[in-house]
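So the structure is just underneath, and the comments pick up after that.
The values are calculated or read from the model by the stated rules, or taken from the named source; none is laboratory data. Computed from a predicted model, the values in this text were never measured in an experiment. Quick reminder, even Gly has a Cβ in these numbers, built from the backbone with ideal geometry, and neighbours come from all protein chains shown. Note: accessible area is taken over every heavy atom of the protein model, side chains too, but ligands, DNA and RNA are not part of it. Shrake-Rupley method; radii C 1.70, N 1.55, O 1.52, S 1.80 Å.
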Amino acid sequence: EEPTSWATPLVLATNGKAQVITSATKRIRSYDFQTGKLLWECTGLTENVIPTPVSANGLVYCTSGFRGSALLAIRYADAQGDITGSPAIAWNYDGKGTPYVPSPLLLGDELYFLQENRAVLSCLNAKSGQTHYAKERLEGLRDVFSSPVGASGRVYVVGRDGKMAVIQAGPEFKILATNALDDSFTA
């Protein structure tokens, strides 16, 4: 029933059972891992979904950014049936600027994501959806297809031309360094 989805499914264990969450153009769906039975579904994403969902603290975060902008935080554990517009949707991000290709990064209590395929970074509180900062330009980078990576209190964003921004992790936007790597990155 789906015209397209490039997102890698996410398998989560809940109440002793695994569920497979798929993120696609028409619907976000969750299936029972053992039986394949549809557990829940909802609308809310844009066309041509590529970012892989991420999850922590009982929420799964699904994003898309082609021909529109969408980010939903879903309480997946006890969700059943069509959860569109229900309390199972913990929050959604109304601001524009969600990723087309890069997946979001969940690091600590923060959710980081890029705007489309641009070097423009936003950071939200992952539990509440409160914006810490939005659409901060990463000077010197362009065309970002790689997903942000987090380690040792830092967020790393690499452009296709090998330029890398190192950002301080946390609710305050601060670029710590910009590096140039001798390669191109699309992964």
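Rounded, prolate or oblate: pick one for the stretch 64-173, where a ≥ b ≥ c are the square roots of the eigenvalues of its C-alpha gyration tensor, a/c under 1.5 means rounded, and failing that, prolate if a/b is larger than b/c, else oblate. Prolate is the answer for the stretch 64-173, as a/c is 1.5 or above and a/b outweighs b/c.
Ordering of 73-85, 47-59, 108-120 by packing is 108-120, 47-59, 73-85, highest average first (other Cβ atoms within 10 Å, averaged per residue).
For the pair the stretch 1-25 and the stretch 26-103, the centres of their Cα atoms are 9 angstrom apart. Given +1 at the Cβ of Lys and Arg, -1 at the Cβ of Asp and Glu and no other charges, the dipole of the chain around its Cα centre is 100 debye to the nearest 20.
Counting only heavy atoms of the protein chains and using a 1.4 Å probe, VAL149 has close to 80 Å² of accessible surface. Pair-distance distribution P(r) for the stretch 92-146, from all Cα-Cα distances in 10 Å bins starting at 0: 27, 57, 16, 0 percent. Evaluated over the Cα positions of the stretch 1-111, the convex hull gives a direction-averaged projected area, one quarter of its surface, of 6.6 nm².
Peptides 34-42, 137-145, ordered by how many other C-beta atoms sit within 10 Å of their residues on average, highest first, read 137-145, 34-42.
What relative contact order, as a whole-number percentage, does the stretch 139-187 give when Cα pairs under 8 Å and 6 or more residues apart are counted? Dividing the mean separation by the residue count of the stretch 139-187 yields 34 percent.
For Cα Rg over 2.2 N^0.38 Å, pick the label among (1) 1.02; (2) 0.94; (3) 1.29 that corresponds to the value derived from the coordinates. Correct label, based on the coordinates given: (1).
Relative contact order, whole percent, for the stretch 6-161 stands at 14, derived from Cα pairs under 8 Å and 6 or more residues apart.
Taking every alpha-carbon pair within the stretch 13-69, the share separated by more than 17 Å comes to 39 percent. Altogether, the Stokes-Einstein calculation at 10 °C and 1.306 mPa s, with the Kirkwood radius of the stretch 123-178 over Cα pairs as Rh, returns a diffusion coefficient of 134 µm²/s. Within a straight-line Cα-Cα reach of under 30 Å, LYS163 can be paired with the following lysines, leaving aside sequence neighbours fewer than 8 residues apart in one chain: LYS96, LYS135, LYS174.
Other residues lying with their Cβ under 12 Å from the Cβ of ALA88 contribute a combined charge of -2, Lys and Arg counting +1, Asp and Glu -1.
Provide the net charge surrounding ASP143, with neighbours chosen by a C-beta distance below 11 Å and charges set as Lys +1, Arg +1, Asp -1, Glu -1. Once all neighbours under 11 Å are counted, the net charge is +2.
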